[in-house]
Structures are given as C-alpha cells and as structure tokens.
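Input: a single structure, listed below in structure tokens.
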Amino acid sequence: MRTLYATTAATAALALAAPSATTAQDLSVFAGIDANSAYVSQGLIFNDTITIQPYAEASFGGAYFGIYRSPVDQDITLADNETGIYVGYRGEAGPVFYDASVFHYSYDEPFAEFVPDDCTPAECLPVEYEEYILSAGIGATDSLFLTGRLAAAPEFEQYDISVLADYYTNAGPTLSAQYGGVAADFGDWTYWKV
C-alpha cells in the first residue's frame with residue numbers, strides 16, 4: 001500500500017449575493033464559492049494550485065440536490081474541469097446524524113492514464129462516473145463531531161473508508177481532520193488532511 005502525501009487546504013467560503021434564501025417552508029436554496037489552496041480528494045491531487053469552486057444546493061426537508069464546478073490541473077488529471085452533480089438525504093436519529101448521497105462526476109477530457117492495455121481510450125475511458133457515499137456520526141460535545149464515511153465508485157472498483165473529526169470554535173473557524181484508506185483497481189493508498 002502506498003501513502004500519498006497529505007496537504008492542508010485552506011478553504012474560505014465566499015458568499016454570493018444571496019448565500020441563502022428560504023422560498024417556502026423547509027425549502028432552502030444557497031450558493032457560494034469555495035477558494036482552496038489546492039483541490040485534493042481522497043488523497044488524490046486534482047489541482048495543486050489555488051482553486052475556485054462555485055456551487056449551488058437546494059434542499060427540502062432532508063432531501064437535497066446540488067452542483068459544483070472545479071478547475072482541475074490538466075497535467076495532473078488530463079482534464080481541465082470537473083463538474084459534480086449530487087443528490088442525497090441527510091437527517092438525524094437521536095444523537096446520530098447520517099447522510100446518503102450519489103455523486104455524478106464528469107470531466108471535459110478523458111483520464112488517459114487509466115486506459116487498460118487491451119482497449120482504446122474511446123472504448124474504455126469513463127469521462128463520467130458515479131460515487132455512492134454513506135456517512136454517519138455523532139456529536140461528542142457541543143463543538144466536536146466525529147463521522148465515519150464509506151464511499152464506493154464501481155467504475156474504478158474503488159472503495160474509500162475514512163473517519164473525520166470536526167471542531168467548531170467559538171471564534172468561527174472550524175478545525176477538521178480526516179484519515180482514510182482507498183482500495184481501487186489502479187492502486188491502494190492511505191491519506192490524511194487537516
């Protein structure tokens with residue numbers, strides 16, 4: 001198992017003109033822009049420079065739907081942009097919170113490095129794929145939340161198991177840490193981020 005290096009991503013949420021709006025009871029719509037020092041997901045580097053990611057989400061009760069767009073480094077991913085569309089349901093049962101979602105990722109260019117030797121890029125490359133995510137956690141204190149997460153991307157026979165800890169400070173910033181491991185048809189690795 002190889003270990004990818006960890007990165008610290010400073011994220012600043014920049015609200016758009018209407019960061020949240022309630023249009024009906026239990027219906028909410030919000031949008032924003034994340035500015036990150038790098039785009040790293042599950043230990044994989046998608047962009048190693050400052051990344052601006054616009055997003056929008058609508059929710060009704062526990063159900064939600066959203067979309068985001070992110071530039072990715074063509075030298076690293078062989079694509080220029082990633083678009084993620086997702087749908088899910090989140091809720092609480094006593095002290096436990098949970099979330100089940102499906103993400104559909106699409107890229108404007110194929111991932112040539114994942115082409116098996118026995119086929120052409122047009123035959124074998126997914127420029128789109130789905131990831132199924134289940135997570136559940138508990139509030140250990142009023143400020144500390146612990147979460148377990150399981151994700152599967154069948155296209156790559158990829159499975160990710162991780163644990164997260166989020167600490168909400170009185171001053172506003174959130175401190176987060178994650179440790180996980182991935183097994184996929186193109187390799188296995190562990191990762192962490194703070």
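Brief remarks follow.
- Test result for Tyr167, more than 17 Å from the chain's Cα centre (by Cα), of a type outside the set (Val, Ile, Thr) and open to solvent by 90 Å² or more (accessible area, probe 1.4 Å): yes
- Of all the numbered requirements in (1) surrounded by fewer than 16 Cβ atoms within 10 Å (Cβ to Cβ); (2) closer than 18 Å to Tyr105 by Cβ; (3) within 17 Å of the chain's Cα centre (by Cα), Ala136 misses one, and that requirement is (2).
- Residues of region 95-120 that are modelled with pLDDT under 70 and surrounded by 13 or more Cβ atoms within 10 Å (Cβ to Cβ): Glu109, Pro110, Phe111, Phe114, Val115.
- Strands (runs of 3 or more DSSP E) completely within region 1-67 that count 2 or more residues being more than 24 Å from Thr77 (Cα to Cα) and at pLDDT below 90: 11-15, 21-24
- Among the candidates Tyr179, Tyr159, the residue that is closer than 11 Å to Gln42 by Cβ, open to solvent by 60 Å² or more (accessible area, probe 1.4 Å) and touching a strand residue (DSSP E or B) at 6+ places or on another chain (Cβ under 6 Å) is uniquely Tyr159.
- Single match in Leu134, Leu175, Leu150 (criterion: assigned to a strand (DSSP E or B), over 21 Å from Tyr86 (Cβ atoms) and of a type in the set (A, V, I, L, M, F, W, C)): Leu175
- Exactly one residue among Glu92, Glu82 is surrounded by fewer than 13 Cβ atoms within 10 Å (Cβ to Cβ), in a strand (DSSP E or B) and either at pLDDT 85 or above or of a type in the set (S, T, N, Q) (or both), and that residue is Glu92.
- Scanning region 35-79 for residues that are on the phi < 0 side of the Ramachandran plot, touching a helix residue (DSSP H, G or I) at 6+ places or on another chain (Cβ under 9 Å) and open to solvent by 30 Å² or more (accessible area, probe 1.4 Å) yields Leu44, Ile45, Asp48.
The values are calculated or read from the model by the stated rules, or taken from the named source; none is laboratory data. Treat the numbers as computed from the prediction; the structure is a model and nothing was measured. Cβ atoms come from the backbone with ideal geometry, glycine included; neighbour counts cover every protein chain shown. These accessible areas exclude ligands, DNA and RNA; they are computed on the full protein's heavy atoms, side chains included. Shrake-Rupley method; radii C 1.70, N 1.55, O 1.52, S 1.80 Å.
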